[in-house]
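We did not get these values from a lab; they are worked out from the coordinates using the rules stated. Everything numeric in this text was worked out from a predicted model, so none of it was measured. No Cβ is skipped: glycine too gets one built from the backbone with ideal geometry, and neighbour counts run over all protein chains shown.
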Number of protein chains: 4
Amino acid sequence: MLRGLTGAGLGALDNQRQLIELAGRYGFQAVDTDALSLVKEYGVDGARALLADNGVVISSIGLPVDWRGSEESFLKDLEGLAAVAAAAKTLGCTRCCTYILPSTDEKAAPFMAAATRRLRLCAQVLGAFGISLGLEFVGPHHLRTRWANPFIWTLQETLDWIDAIGEPNVGLLFDAYHWYTNGLTVADIKALRPEQIVHVHINDAKDVPVEEVLDNDRVYPGEGVIDLTGFLQGLQAIGYTGTVSQEILSVEPPTGTPEELAARSQAAFNKVFTAAGL
Amino acid sequence: MLRGLTGAGLGALDNQRQLIELAGRYGFQAVDTDALSLVKEYGVDGARALLADNGVVISSIGLPVDWRGSEESFLKDLEGLAAVAAAAKTLGCTRCCTYILPSTDEKAAPFMAAATRRLRLCAQVLGAFGISLGLEFVGPHHLRTRWANPFIWTLQETLDWIDAIGEPNVGLLFDAYHWYTNGLTVADIKALRPEQIVHVHINDAKDVPVEEVLDNDRVYPGEGVIDLTGFLQGLQAIGYTGTVSQEILSVEPPTGTPEELAARSQAAFNKVFTAAGL
Amino acid sequence: MLRGLTGAGLGALDNQRQLIELAGRYGFQAVDTDALSLVKEYGVDGARALLADNGVVISSIGLPVDWRGSEESFLKDLEGLAAVAAAAKTLGCTRCCTYILPSTDEKAAPFMAAATRRLRLCAQVLGAFGISLGLEFVGPHHLRTRWANPFIWTLQETLDWIDAIGEPNVGLLFDAYHWYTNGLTVADIKALRPEQIVHVHINDAKDVPVEEVLDNDRVYPGEGVIDLTGFLQGLQAIGYTGTVSQEILSVEPPTGTPEELAARSQAAFNKVFTAAGL
Amino acid sequence: MLRGLTGAGLGALDNQRQLIELAGRYGFQAVDTDALSLVKEYGVDGARALLADNGVVISSIGLPVDWRGSEESFLKDLEGLAAVAAAAKTLGCTRCCTYILPSTDEKAAPFMAAATRRLRLCAQVLGAFGISLGLEFVGPHHLRTRWANPFIWTLQETLDWIDAIGEPNVGLLFDAYHWYTNGLTVADIKALRPEQIVHVHINDAKDVPVEEVLDNDRVYPGEGVIDLTGFLQGLQAIGYTGTVSQEILSVEPPTGTPEELAARSQAAFNKVFTAAGL
């Protein structure tokens, strides 16, 4: 498994270059970042060089398509998706992820129908460029009632939705925070086939009752109560060979410079990977 | 447009043969009935002869698959679907319909995902035999809260769901009762392309406030308040050339023998078709 | 049925505006033309005004995607497809067509697999914008051996391929020249459902043995030997309500100014439509 | 990786029970065999007991559907597919395989379109029961011209066809004989993801020029010239954890009783697995 960084947890980054350099300098082999903007800024060769020089790959891009809103907004974003996928492909990135909010102000059944259609089309376009789409179930309880109607939030509901979407290149973005807040176990990880997991996010949770854990109040790996040893060992056991990227959403920006936070992240990864025997 | 009968509205029919004979005798060209049982009873040649001798075709079969319950039940029924489709094909029937209950005790979003997957598979199997799948939106207000969670009940929601199912052979079972209880207009019919309508059901509604109209309390065409002239003229205007079959769901069995009720149905059809200039 | 013009048969047109103006002036209600370039030149409002002022709609755009060549070329073109579809949608155009060459230098089976996948993806992207994809089978015998390996060229092979592509919005571009050179009859048209026909092209053929008819040696409707009365009456009989656009491919540019050729086209359409009782 | 047996290579087996017992007795953990017939003969519980008592699972069933012939024949077989899949599911079997003949008397492009559609539908039905479909490319040169028109026979052509079929549960039946006669290397195996391989067959080839190797003239693993060490190590390296089943097609039945041939197979597997360090 590769170790990766997202921008979430590194404070006030100047730009993508800084994310990539910090990743390379602090023991990470991958970053979740936007490929198209990198190519636009540096050109294909320049972007490849920037990554290669820092010993870093792009583990995943985000899905830059509004699939949760109006059809008009969705179609507007769809116009740019193939170019985004092409850019990711030129940089050797094969994963694109999006998150599923557990509730919605839309009527749940019609919204599920629309979302199924939209994500299927996104998967089809991404698939032409060899890119897999990872869907992230989101576990914190407060979000289940944040909007009017329950949508989905469990692992099984997400796997079932992936079946309904019906494309070969759709799987999970498996985030430790959501594994934890869903009350899942290591056995639940071991029941998965590695190819069902497109990407992994890691973080930790404060020591509060699980029903009170807030989605945007995460801590660095090893600083909380999630059984990250079990989490990582489960992934290892099933043969997951992708990236584990850190994603620390917080209410306040974390204190420290990006350099300090990258170092803190490196220490966090060393702690939890070592504890897991990896 | 062909005129058709279902068993609903003919009282205590002895068997399928009687339905077919009554249809032929009382001015109908089609019946909604089960093809496989007809073939099992009479053989292919015998079933064909029974239909031909009475000048009647099978306009639609029902979908004999439990797509609303457990996965186990769905798979059990799936085992028989191809044989059902094959039987329909041998008798020249190209339509298979199912109804959508407006609410469900299941969580709406996961249920929509499962139903999308199951109906897509049904459509795929049916499509191999040249059969289209018609989905009937159900309008009566009381059913929207009959079960715990709203599912879908409008024309537009059903058209959107058909898009999400994504198969070429899926369309609408368009029922006058549900057009009426959804507050739809003739313009809504005229906005449809004829190929979006797989099958049509006709009936009438009692003169009560539309929010109080009960699904199983229908009356014969022309005996109620639905603008069936507009309904039929709308279908004619868009070039719908399929069957319009009568379906009278009632709490109590209708009074009269099947013969009498077939005659009553013939008179009803004559009344409303003539009023519509058809 | 609407009467339409393509650029093929109007000689040396200055630009799209001229095509649209000539269409409006010479009795045509539609043009096959590129929507994106029109929007880029005139803006959405300007393009809409140009069309409306001339009483003309865009009946079909062409598919600007190289689906016959390398994967690299296909993906490059795919990047622009959604924007093309969006432009067509803003101008109210719902059809996009491409032609099928009857033979190929590629190995036929692998090429069929690749083409199926590519056209399915094109149809999926187009479908998001409400656009149907029409596939044109090409009948002239010389093209069946122009390249090394037979691909497909008959109506039935094309219908079967549409089934294999498996998307709801794929149908035929039905061209009189290919109906004729395939030896098809009016009965073959009458066996079609109108929704299977996305678009129609009309033209005529020289009085030579059908096996010698050349694809790029067409004449104006009514100037040749194709039974265009049967062709048009067949389309009318099945309820086809789309456009019939003229497409005259010729070795040498036709003689005459675009004005003269538009007038000649109008006379040709009047002749054959009148002969068909339309 | 599990070691498996097919009936091909065990001579004149009395029945399925004997295959299962011999597998268990001679060091194999799996058999490729028909699940439905086993369930019909022994009942679900009896079939499960028979397998469990012998320490054997069913690694794969064959696809009992004629997808290469007439549409009529395909549809007839389709009627039984769901029941076959259900039986496999009850016995814990998750794989179903079919072979691809490299040439065909059908026109290659239309045949590819039909085959794509038919195998997609088979995959959809199988997928409902959690079963993957493995497609076996067939390498021996003589079969490329055995029928009139080339179809497909390479690894890449088969992977491309899997993409065109477009279902999530379709992959390869990877047979050493076809890896060898296609001139493939260990690098070609290592370029695969393990989930692309649904099932594996093993055998060996006589020491004749590879263009002269006959499909039905195979020898037991280790008795020929195929680099089975490389083959097995490649599969191990990519993390393939499925079954490797022996399939020895021969012109004449092999000499020896099933017992003797099972012992010979065990020795063959021990030889090649040991040589590969497995």
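Close amide H partners of D:Glu136, meaning residues 5 or more places away or on another chain with modelled amide H under 5 Å apart, are D:Thr98, D:Tyr99, D:Ile100, D:Leu173.
Between this copy and the others, label points of D:Ala52 are 5.5, 5.7, 7.4 nm apart in ascending order, each placed 7 angstrom from Cα in the Cβ direction. Under 15 Å from the Cβ of B:Glu79, count the other residues' Cβ atoms, weight Lys and Arg +1, Asp and Glu -1, and hand me the total. Taking every Cβ under 15 Å from that of B:Glu79, the sum is -2. Helical content of chain D, expressed as a calculated mean residue ellipticity at 222 nm, amounts to -14000 deg cm²/dmol (DSSP H runs of 4 or more residues, -39,500 (n - 2.57) each, divided by residue number, nearest 500). In the range D:3-149, taking the dipole from charged Cβ atoms about the Cα centre, the farthest positive-side position among D:Pro140, D:Gly46, D:Gly11 is held by D:Pro140. When C:Gln156 is represented by a point 7 angstrom out along its Cα-to-C-beta vector, the spacings to that point in the other copies are 3.5, 4.5, 5.0 nm, nearest first. Across peptide D:100-113, the average count of Cβ atoms from other chains found within 10 Å of a residue's Cβ is 6. I need the shape label for the range C:124-192. Rule: rounded when a/c is under 1.5, else prolate if a/b > b/c, else oblate, with a, b, c from the alpha carbon gyration tensor. Since a/c reaches 1.5 but b/c is at least a/b, the shape of the range C:124-192 is classed as oblate.
Counts of other chain beta carbons within 10 angstrom of each beta carbon in peptide A:77-86 average 5.
Packing around the peptides B:52-58, C:87-93, taken as the average count of other Cβ atoms within 10 Å per residue, puts them in this order, highest first: C:87-93, B:52-58.
Of B:Ile238, B:Ile189, B:Ile152, which has the largest mean-square fluctuation in a 10 Å C-alpha GNM of chain B? Looking only at B:Ile238, B:Ile189, B:Ile152, the largest GNM fluctuation is found for B:Ile238. Sequence-ordered 3J(HN,Hα) estimates for the range C:140-145 from the Karplus curve with 6.51, -1.76 and 1.60 and θ = phi - 60° stand at x, 4, 4, 6, 5, 10 Hz, glycine and proline given as x. Across the range B:157-202, the mean sequence separation of Cα contacts (distance under 8 Å, 6 or more residues apart), normalised by length, yields a relative contact order of 50 percent. Please give me the summed charge of the neighbours of D:Ile226: other residues whose Cβ is under 11 Å from its Cβ, Lys and Arg +1, Asp and Glu -1. Combined, the nearby Lys, Arg, Asp and Glu give -3.
If you take all other residues with their beta carbon under 15 Å from the beta carbon of B:Pro194, and give Lys and Arg +1 and Asp and Glu -1, the sum is +1. How large is the charge dipole for chain B, taken about the Cα centre, if only the Cβ atoms of Lys, Arg (+1) and Asp, Glu (-1) carry charge, to the nearest 20 debye? Dipole of chain B, to the nearest 20 debye: 560 debye. Each of D:Leu143, B:Leu184, B:Leu235 was scored by other Cβ atoms within 10 Å of its Cβ. Arranged with the fewest first, they read D:Leu143, B:Leu184, B:Leu235.
Position C:Ala263: other-copy label points at 7.1, 8.7, 10.0 nm, ordered by increasing distance, label point 7 Å along Cα→C-beta. Across the range D:233-245, rounded Karplus estimates of 3J(HN,Hα) from the backbone phi angles (6.51 cos²θ - 1.76 cosθ + 1.60, θ = phi - 60°) give 5, x, 4, 4, 4, 7, x, 5, 10, x, 9, 10, 9 Hz, Gly and Pro being marked x. List the residues, sorted by chain then number, that are 5 or more residues from C:Gly62 or on another chain and whose placed amide H is less than 5 Å from its amide H. Distant-sequence amide H within range of C:Gly62: C:Cys97. Backbone phi angles across the range D:2-19, fed through the Karplus curve with coefficients 6.51, -1.76 and 1.60 (θ = phi - 60°), yield HN-Hα couplings of 8, 9, x, 10, 10, x, 6, x, 10, x, 8, 5, 6, 6, 5, 4, 4, 4 Hz in residue order; Gly and Pro are listed as x. Distance between Cα centroids, the range B:212-278 to the range C:4-30: provide it in whole Å. Cα centres, the range B:212-278 to the range C:4-30: 50 Å.
Label the protein assembly as shown by shape, choosing from rounded, prolate and oblate, from the square roots a ≥ b ≥ c of the eigenvalues of the Cα gyration tensor; if a/c is under 1.5 it is rounded, and otherwise prolate applies when a/b is larger than b/c, oblate when it is not. Rounded.
In percent, rounded to a whole number, the relative contact order of chain B is 22, using alpha-carbon pairs under 8 Å and six or more apart.
With a 10 Å cut-off around each Cβ of B:184-196, the average count of Cβ atoms from other chains is 1. Pairs of Lys residues in the range A:2-275, spaced 8 or more positions apart or belonging to different chains, with C-alpha separations under 23 angstrom: 6 in total. Summarised in one figure, the compactness ratio Rg/Rh of the range C:2-275, Cα atoms and Kirkwood Rh, is 0.94.
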